[in-house]
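Just so it is clear, none of the values below were taken in a lab; they were calculated from the coordinates. This one's a predicted model, so the numbers in the text were calculated from it and none came from an experiment. Every residue, glycine as well, gets a Cβ built from its backbone with ideal geometry; the counts of neighbours run over all protein chains shown.
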Amino acid sequence: MQRMNELAFYTLAGAPRTPRDLIAEVQQAEALGLGSAFISERFNVKEAATLCGAVGAVSNQIGIATAATNHNTRHPMVTAALAMTMHRLTDGRFSLGLGRGIAPLFDAYGLPRIRTAEIEDFVGLMRRIWRGEVVVGHDGPAGKYPLLTMGPEYREHIPMTFTAFGPNSLALGGRAFDAVVLHTFFTDETTARCVATVKRAAEEAGRDPASVRVWSCFATVGDHLPEDLRLRKTVGRMATYLQAYGDLLVKTNRWDPKVLQRFREDDFVSGFRGALDGLATTEELEHLASLVPDSWLAPAATGSPERCVEKIRGQLELGCDGVILHGATPAELGPVLGAYRNSRPASRFDALPANPAGVAARG
C-alpha cells in the first residue's frame, strides 16, 4: 500500500471508551496508507507518553506526533527521555509536539499559563540535550536547572511540532519548530494567512520555509456517516471549542463576536457542565445547531467522498503541506481515502517522510 504521507488522523478522537481502541485504529490507518497518527492529550485515559508507546509498538510505517502535550507538566529530562525513547523505538518516525494548553483548565489545576518565551527556551533545551550536550546552570524562561544531560553518546535530531493558534504562536512555530499544526474550523482566509505567517517567520529566522511543514487540522465528516454522528462531529465539536476558547477562535477567524455572545447566553449552553460534543444528546445538539451559523461550520470536508476530497485538496492549494483528517477514525475515513487515492497527484508528495515534522527529501 502506497503511503500518503500528506494525510494524517488523530487517534482516539474525542472521548474514547478505552485507550485500547487505538490498536485497531493504527493498524487500520497503516493498511489504508495514512501517513501519520497524531496524539492529543487529555488528563484522563489519553496521557500522551503511554499512547505514544502503544502506537509505536503496534505500527511499522506510520509517523507519530504528540499534538499536543505541554512542556510544563513533566520535568525537561522526562520529556527529553520520552522523545528519545520514541525516536529509537520507531526508527525516527516520532515528533515531539507541544502546545500552550487550555488556560481555564490550567488555572483550575494550578498550572501556570504558558508563555511564548518559555516554549522557545524549552525547545532549545531539548535540541541541546538530544545532541548530547551537557547543560549546566540553565536559568531561563523555561526554568532553573543545575544539570540537564542524557550523555554524549546521544547525537540525534528529533523533529518537533507546535500546535499554534494566534500570530505569536504561529511565528514561534516558523522560527523554532519543524512543523506547525493549525486549528480545526479555520476559514480559508485564516488558513492562508496562518501558512504565510509560519513561512515568513521561518525565512526571517534564516531557515528554509519549505523545511517547516504546516498541517491543516480539517474536520472530515462525510455523508456516509449516520446523521446523528455527523451532528456530534460538526456542531458538537464546534460548540465545545466555543466553550473552551471561543474568543480566540472568533478573533482568529474574524467572525462576529455577537454570535458568540448569543451562544454563551443561551440558557442550555450557560447551564451545561462538561464538553458538549461528548455529553449532549442528539436533541440538544439540534438545538445547538440553531445557535451556530452554517458559515462557521463550512470549513470542513463534508458531503460525498468526492466532495470531501475536493475540500481536502483545497487545504493543500491554500499552502498547507499536509491535512489531518480530524474527528474520524480510519474506518470512518475509508470511503474518503479511497476517493482521494484515485485522484491523488502523481509524485507530488513522494518526497515527504513518514515523520510528520520531517523534512522532505531533495531531488
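One table, with the values for the structure above:
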{"read-out": "Choice from S59, S216, S270 with maximal GNM fluctuation in the chain (Cα, 10 Å cutoff)", "value": "S270"}
{"read-out": "Region 52-185: relative contact order as a whole-number percent, Cα under 8 Å and 6+ apart", "value": "23"}
{"read-out": "Efficiency of FRET between N168 and S304 - r from beta-carbon atoms, R0 35 angstrom, step 0.05", "value": "0.35"}
{"read-out": "Percent of Cα-Cα distances greater than 19 Å, calculated over region 226-359", "value": "58"}
{"read-out": "Label zone at A360 (point 7 Å along Cα-to-Cβ), backbone N below 17 Å, region 301-324", "value": "313-324"}
{"read-out": "Only Lys, Arg (+1) and Asp, Glu (-1) charged, at Cβ; the chain dipole about Cα centre in debye", "value": "740"}
{"read-out": "Mean Cα-pair separation over length for the chain, i.e. relative contact order, pairs under 8 Å, 6 or more apart, %", "value": "21"}
{"read-out": "Theoretical FRET efficiency, 1/(1+(r/R0)^6), r = Cβ-Cβ of A346 and R17, R0 45 Å, to 0.05", "value": "0.65"}
{"read-out": "Under 13 Å, Cβ to Cβ, from V135 - net charge with Lys/Arg +1 and Asp/Glu -1", "value": "+1"}
{"read-out": "Modelled label reach - A57, point 7 Å along Cα→Cβ, region 1-20 residues with backbone N closer than 17 Å", "value": "12, 18-20"}
{"read-out": "Within region 209-363, percent of DSSP bridges classed antiparallel, to nearest 5", "value": "0"}
{"read-out": "Antiparallel bridge percentage (DSSP; both residues within the chain; nearest 5)", "value": "15"}
{"read-out": "Of every Cα-Cα pair in the chain, the percent that sits beyond 35 Å", "value": "20"}
{"read-out": "Qualifying GluC sites (Glu not before Pro) in region 16-69, DSSP loop, other Cβ atoms within 10 Å at most 15", "value": "E47"}
{"read-out": "Low-density loop positions, chymotrypsin sites (Phe, Trp or Tyr not before Pro), region 129-206 - DSSP coil, at most 15 other Cβ in 10 Å", "value": "none"}
